[in-house]
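The next block holds one structure in the form of structure tokens; read it before the comments.
Nothing in this text is a laboratory measurement; each read-out follows from the coordinates by a stated rule. These numbers were taken from a predicted model, which means no experiment stands behind them. Glycine also receives a Cβ, built like all others from the backbone with ideal geometry; neighbour counts cover every protein chain displayed.
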Amino acid sequence: MAELEQLALQGREPPLGAHLVTPRRGYLHHGIYVGDGKVVHYAGLAGGLNRGPVEEVPLARFTRARPVWVKSHAPSNFECQEVILRARSRVGENCYRLLTNNCEHFCEWCLRGEHRSYQVEALLAHLRVLFATVRLVTQSASVFGRAGLRPGRAATNG
């Protein structure tokens, strides 16, 4: 979490248009702070298996009593008021897709005009490595099988 700064909430509110991140089980949830204690986020699967829309909610509902950070990796391409307008322009949208239109895609679009999720990209990269490893192991087992060998045993002339 090197690119995340811990946000101290003791009496302070996040900066307007800030990209907020809060941990969930197995992933990070993203939203845009729009002021007055409110966050716009893609509810997605936050409420269980039913997909939720883009909504404006109190910060406490967004965080669910978990820590919250301001993501500070790259500056926005838009002024903070434009970020807020972009976020609010999608309130009510109900097209959540885990891999192609999630809460991080939403925030990246609001801030930079890019439809992107670094979490999804990292997951897919890990899966590519996993599948390449499985393919290599499978091919190796096939080669050993054709040669009449089992891994860890030497061939004997007999």
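If you take the square roots of the eigenvalues of the alpha-carbon gyration tensor of segment 4-116 and sort them as a ≥ b ≥ c, do you get rounded (a/c under 1.5), prolate (a/b over b/c) or oblate? It comes out rounded by the Cα gyration axes. By other beta-carbon atoms within 10 Å, ranking PHE131, PHE62 with the fewest at the front produces PHE131, PHE62.
Close amide H contacts of LEU45 (hydrogens built in the peptide plane, cut-off under 5 Å, sequence separation of 5 or more or a different chain): GLY52. By other beta-carbon atoms within 10 Å, ranking CYS103, CYS80 with the fewest at the front produces CYS80, CYS103.
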